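Structure, as structure tokens:
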Amino acid sequence: MASSRRLLASGLLAALLAAPLAVLLAGAVPPAAAQAPAPPPAESPATSSSSGAAEIRIGLIHRPPDAPSSYDAQAAPEDEGVAGARMAVRDNNASGRFLKLHYALEEVALANPSPGEPPPQDPVAAARGLADKGVRFIVLALPAPEVLAVADALKGSGVTLFNAAAPDDRLRAADCRANVFHVAPSRAMQTDALAQFLAFMRWRKLFLIVGPQENDRLWAEALRRSAKKFGLQIGAEKPWTFGPLARARGDTPTRAEALVFTRGLDYDIAVVADEAGDFGDYVPYHTADPRPVAGTQALFPTTWHPTLEVWGAAQAQNRFRRLAGRLMRPLDYQVWTAFRAVGEAAMQKRTADPAALAAQIVDPGFTLPAYKGVSLTFRSWDHQLRQPILLVQPSALVAVAPEQGYLHQRTPLDTLGYDQPESQCKLPKS
């Protein structure tokens, strides 16, 4: 008995001595580490609503990618974006059950249109169908025209929309809508991130190669703005006229022409504008002079990459791989972030009321931990999510923007994209 008392006393003393140390260690967590979402508790049966739990249904409208005509190791998986939504619902339910909140995914997969034909399914009808079922938060993985159409159709309905895919700057400018929050980074944010890195490296002379598609033109337009903003010089610019050599995955007689295409130019780095991926991957190692390549391929800006492992991201990468059986892609992350914004707002407000959650998301004090080293927030003037942008090459993380030294009166994140004084978005004051 005496020995038992001694063991008990020593255990209590050890606990008392360890408690202050634990408190000190908890206070010493680096700020960056503190911005990772808390790991969800052990998995529980969160697929069905527990007794008395308030349900928050979140819609996802997307178009699954068409299957490639032949083997393509880089083809988008059929569940791209959807897998991110499923992981976010699990994460939301893991923490929401303590507040008696239950989350459910309402997925609408639209068929892709055939060339030259109108879409077989209308995203506006799909969004109205979700709204009629009581869904008050809808994530859109759709192109800009369809995002605008849905936003205008649901204006005044009490539905909050999240743009998870369209990078078009006009959605954050003259065509901004009060009921849309942008999780996908704008093209301006992407090209600003790249321009910051190039200025930091003092690679100031650019050779811009612009593809034939409209989105290529828009990306090049954003880069020209970024180059001017960060003191870079576009010393040469040419359109790409050799076809989709990257998709051919083999050499062709045009190789000699491509070499001539880059000859006799004075530049530090070639920048490709090729959002469709037709030729950008062909340019590296096919220039007449040994020069690095960046832009939409080679060294490129993105929201997520398999090589991101800091700030708790490795945990998210592993959870996603277990859930989906593949690597997490940028669209998965962007959809996950949109769903988590709703879940985080509900956690902070401790309610399932859609109006209260929408107000919380736009509140300047709202923050979202999302494995980026800092908490993410939405800009009040255009509803764009502030977030660091990764600069990566296929097998490595190269840099994270904003770069050190780019300061701002609010947050360095506002050095990426359109700042409030230059924004053309005129949202109604809340």
Accessible area of the range 261-406 divided out per residue, in Å², using a probe of 1.4 angstrom:
36 Å²
Cα gyration tensor shape for the range 328-430, rounded if a/c is under 1.5, else prolate or oblate
oblate
Tell me which lysines have Cα within less than 25 Å of Lys133's Cα, excluding those fewer than 8 residues away on the same chain?
Lys100, Lys155, Lys349
Cα centroid separation, the range 341-383 to the range 398-418 (Å):
21 Å
When only DSSP loop residues count, what chymotrypsin sites (Phe, Trp or Tyr not before Pro) in the range 256-334 have their Cβ near at most 11 other Cβ atoms within 10 Å?
Tyr285
Compute the signed sum of charges (Lys and Arg +1, Asp and Glu -1) over the other residues within less than 9 Å, Cβ to Cβ, of Asn92.
0
How large a share of the accessible area of the range 334-399, in percent, is made up of carbon and sulfur atoms when the probe is 1.4 Å and the other protein chains stay in place?
53 percent
Where the centroid of each part is defined by its Cα atoms, how far is the range 257-289 from the range 162-198 in Å?
26 Å
Charge tally for neighbours of Leu385 with beta carbon under 13 Å away, counting Lys, Arg as +1 and Asp, Glu as -1, is +2
List the trypsin sites (Lys or Arg not before Pro) within the range 372-430 that DSSP assigns to loop and that have no more than 13 neighbouring Cβ atoms inside 10 Å.
Arg410, Lys426, Lys429
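The values are calculated or read from the model by the stated rules, or taken from the named source; none is laboratory data. Predicted, not measured: the structure shown is a model, and the values here were computed from it. Here the Cβ is made from the backbone with ideal geometry for all residues, glycine too, and neighbour counts use every protein chain on show. For accessibility, only protein heavy atoms count, side chains too; no ligands or nucleic acids. Shrake-Rupley method; radii C 1.70, N 1.55, O 1.52, S 1.80 Å.
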